[in-house]
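Colleague: This structure is in C-alpha cells; I'll ask about it shortly.
The values are calculated or read from the model by the stated rules, or taken from the named source; none is laboratory data. Since the structure is predicted, the reported quantities are computational estimates derived from the model, not experimental observations. Positions of Cβ are generated from backbone atoms using ideal geometry, with glycine treated the same way; all protein chains shown enter the neighbour counts.
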C-alpha cells in the first residue's frame, strides 16, 4: 500500500513537469484547468504520465477543478473494514513525507499559470469506491 501511494505521489510530480514545460512561451491561462484544456501537448503528457502510474493494485485518475489538481487512486481490491484503519495510517504517514515535494510541485504549477492559489488533492479509494484517505496540499 505504501509503495503504491508513493508511486502515485511520485507520478504527480512527474505530471507537473509533463505540462510545466509543454506550454512554455504560449499565452498564460487563467486557471490550471484552462491550461490543461487549452494545451493538447500538456494534456497528452499528463495522460501518458497517468497511464504509467497504474499498476496491478490501483487505477489512477487526474482531474482539474479550477486551480486544483485532483489525483484519485482506486484500489483494485476492496479492503475489509478491519484493515481500513491501517491502510489509512500508512496513507497519512506517506502523505506527510511528501509534503515538501508537493509544495515544490505547486510552486512550479503556480509559475506556469501565473497564479498563487494552486493546490493538489490526493484521494485514495477502496476497491468498492469508498474513500479511505484524502489530503489537500497548498502553499
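Colleague: Only one of (1) closer than 20 Å to residue 33 by Cβ; (2) in contact with a helix residue (DSSP H, G or I) (Cβ under 6 Å, 6 or more places away or on another chain); (3) not in a loop (DSSP other than H, G, I, E, B) is not met by residue 102, so which one is it?
Modeller: Every condition holds for residue 102 apart from (2).
Colleague: Continuing with the same structure: Please find, within region 119-131, the residue that is surrounded by the most Cβ atoms within 10 Å (Cβ to Cβ) out of those that are at pLDDT 95 or above and assigned to a strand (DSSP E or B).
Modeller: 125
Colleague: Can you name the residue in region 43-62 that is without any contact (Cβ under 8 Å) to a residue 24 or more places away in the chain and not in a helix (DSSP H, G or I) and, of all such residues, is nearest to residue 119 (Cα to Cα)?
Modeller: Of everything passing the filter in region 43-62, 61 is nearest to residue 119 (Cα to Cα).
Colleague: Something else about it: When the residues of region 50-71 are filtered to those that are surrounded by 15 or more Cβ atoms within 10 Å (Cβ to Cβ) and over 21 Å from residue 91 (Cα atoms), which remaining residue is modelled with the highest pLDDT?
Modeller: Result: 67.
Colleague: For region 71-84, give me each residue that is in contact (Cβ under 8 Å) with a residue 24 or more places away in the chain and part of a helix (DSSP H, G or I).
Modeller: 84
Colleague: Just wondering, is there one or more residues in region 27-42 that are within 16 Å of residue 112 (Cβ to Cβ), over 16 Å from the mean Cα position of the chain (by Cα) and modelled with pLDDT under 60?
Modeller: Yes.
Colleague: From (1) touching a strand residue (DSSP E or B) at 6+ places or on another chain (Cβ under 6 Å); (2) surrounded by fewer than 18 Cβ atoms within 10 Å (Cβ to Cβ), pick out the condition that doesn't hold for residue 75.
Modeller: (2)
Colleague: Test each condition in (1) closer than 24 Å to residue 48 by Cα; (2) in contact (Cβ under 8 Å) with a residue 24 or more places away in the chain for residue 87 and report the one that comes out false.
Modeller: With respect to (1) closer than 24 Å to residue 48 by Cα; (2) in contact (Cβ under 8 Å) with a residue 24 or more places away in the chain, residue 87 is out only on (1).
Colleague: Can you name every residue in region 88-118 that is modelled with pLDDT under 85, in contact with a strand residue (DSSP E or B) (Cβ under 9 Å, 6 or more places away or on another chain) and surrounded by fewer than 20 Cβ atoms within 10 Å (Cβ to Cβ)?
Modeller: Listed by number, the list is empty, since nothing qualifies.
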